[in-house]
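The values are calculated or read from the model by the stated rules, or taken from the named source; none is laboratory data. For clarity, every value in this text was computed on a predicted model and none was experimentally measured. Cβ coordinates were reconstructed from backbone atoms using ideal geometry, including for glycine residues, and neighbour counts include every protein chain displayed.
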């Protein structure tokens, strides 16, 4: 039931879910998973439900991560993110379970 609700939320793209993904991207990037965090930011940054106040946070974090990563890595992340949506991020989070982000 929880998975079904999360998938529905992801498909409709409420701002609270987008804000949570941006926050998680910041958290995992600071914990050594900058590539995954950047990919999530690319996915949510173009979503039409992105609130303006979150858009600024997302853009700033994305710029910081782009500056820290090699250009080839950034290009690879951009390509992967282009084929994803918010539902795929929720699915990824659900599949992680208690294993964490590592």
* Only one residue in 91, 53 is loosely packed, with under 11 Cβ neighbours inside 10 Å and either modelled with pLDDT of 95 or more or assigned to a helix (DSSP H, G or I) (or both), so which one is that? -> 53
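Please find, among 31, 85, the residue that is over 19 Å from residue 15 (Cα atoms), surrounded by fewer than 17 Cβ atoms within 10 Å (Cβ to Cβ) and in contact (Cβ under 8 Å) with a residue 40 or more places away in the chain.
So the residue among 31, 85 that is over 19 Å from residue 15 (Cα atoms), surrounded by fewer than 17 Cβ atoms within 10 Å (Cβ to Cβ) and in contact (Cβ under 8 Å) with a residue 40 or more places away in the chain is 31.
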* Lone unmet requirement of (1) within 14 Å of the chain's Cα centre (by Cα); (2) not in a helix (DSSP H, G or I) for residue 48 -> (1)
* Of all residues making up the range 58-96, the number that are under 15 Å from residue 17 (Cβ atoms) and touching a helix residue (DSSP H, G or I) at 6+ places or on another chain (Cβ under 7 Å) -> 8
